[in-house]
1. Exactly one of these conditions fails for G112: (1) surrounded by fewer than 19 Cβ atoms within 10 Å (Cβ to Cβ); (2) farther than 22 Å from R3 by Cα. Give me its number.
2. From the set of residues in segment 89-125 that are part of a loop (DSSP other than H, G, I, E, B) and free of Cβ contacts under 8 Å to residues at least 12 places away in the same chain, which is nearest to A20 (Cα to Cα)?
3. Could you check P178 against (1) surrounded by fewer than 20 Cβ atoms within 10 Å (Cβ to Cβ); (2) part of a helix (DSSP H, G or I) and say which number it fails?
4. Here's a check for you: in segment 1-20, which residue that is under 25 Å from P61 (Cβ atoms) and touching a Leu at 6+ places or on another chain (Cβ under 8 Å) is surrounded by the most Cβ atoms within 10 Å (Cβ to Cβ)?
5. Among the residues in segment 58-73, are any under 28 Å from Q161 (Cα atoms), among the charged types (D, E, K, R) and without any contact (Cβ under 8 Å) to a residue 12 or more places away in the chain?
6. Quick one: is R24 among the basic types (K, R) and under 21 Å from E138 (Cβ atoms)?
7. If you take the residues of segment 156-179 that are touching a helix residue (DSSP H, G or I) at 6+ places or on another chain (Cβ under 7 Å), under 20 Å from L118 (Cβ atoms) and small (G, A, S), which of them is modelled with the highest pLDDT?
8. Out of (1) in contact with a Phe, Trp or Tyr (Cβ under 7 Å, 6 or more places away or on another chain); (2) surrounded by fewer than 21 Cβ atoms within 10 Å (Cβ to Cβ); (3) within 17 Å of D35 (Cβ to Cβ), what's the single condition that is false for L119?
Amino acid sequence: MCRDFAAKPVDAALLARVTAAAFRGPAAGNAHALDLVVLTGSDVQRYWDATLPTDRREAFPWPGLLQAPALVLVVVDPMAYVDRYGEPDKAHTGLGTDVASWPVPYWFVDGGAAVMALLLAAEAAGLGALFFGQFDHEEAVRRTFGVPTGRRAVGTVALGQPADGGRVPSASGRRGRPSAGDHTHAGQWSNVSSGR
């Protein structure tokens, strides 16, 4: 993940190709419930004004992130899944009643797959990218950019050319990646004693 961007715009055609990749991932029931709000230019500043007040920016640990020339808001529509699974070919699932009927909220599962497809496309195009959550800013972002009520943010993806040293890991990133061998179980769960 890149947290330090060069203040250089991303070519519009390249940005369109990278963001289009988000729509190539899986979608339960082909629900058509993913939207992207692509911010460039002054809209990027509007995002930071809504989420990171000026008085907090001096202490912000990643000032180079604020230079990202493009931000992509990844938004999903839970009710689109409910509606789709209420249609005759899916009604037998019982998921077409309401959002609470879904034991796993597939709008977030599919939204996460969309984010990964977007990140991989950005990496393949030589761009730096960072996915981060909106957390307690979700409502402010929704209002600022006119996202309809009821839609949910998966998060935000920053895109742009990395600055020199832009791929410095965060404290969490310095923990390293887990060993695939320790977390892949062939045939059955292999670490029964620890429950992990």
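The values are calculated or read from the model by the stated rules, or taken from the named source; none is laboratory data. Quick caveat, the model's predicted, so the values are computed rather than measured. In this analysis, Cβ positions are derived from the backbone assuming ideal geometry, glycine residues included, and neighbour counts consider all displayed protein chains.
1. (2)
2. Of the residues in segment 89-125, the ones part of a loop (DSSP other than H, G, I, E, B) are 89-90, 94-98, 102-105, 125.
Okay, now just the ones that are also free of Cβ contacts under 8 Å to residues at least 12 places away in the same chain, so 89, 94, 103-104.
Working: D89: 28, G94: 32, P103: 29, V104: 26 Å.
Only one residue fits best here, namely V104.
3. For P178, the failing item is (2).
4. Residue satisfying both the conditions and the ranking: F5.
5. Checked segment 58-73: at least one residue is under 28 Å from Q161 (Cα atoms), among the charged types (D, E, K, R) and without any contact (Cβ under 8 Å) to a residue 12 or more places away in the chain.
6. No: the conditions fail for R24.
7. Pass one, segment 156-179, residues touching a helix residue (DSSP H, G or I) at 6+ places or on another chain (Cβ under 7 Å): 157-159, 163, 166.
Adding the requirement that they be under 20 Å from L118 (Cβ atoms) leaves 157-159, 166.
Going one step further and asking which of them are small (G, A, S), we end up with 158, 166.
Numbers: A158: 98, G166: 52.
Looking at the filtered set, the residue picked out is A158.
8. Of the numbered conditions (1) in contact with a Phe, Trp or Tyr (Cβ under 7 Å, 6 or more places away or on another chain); (2) surrounded by fewer than 21 Cβ atoms within 10 Å (Cβ to Cβ); (3) within 17 Å of D35 (Cβ to Cβ), the odd one out for L119 is (3).
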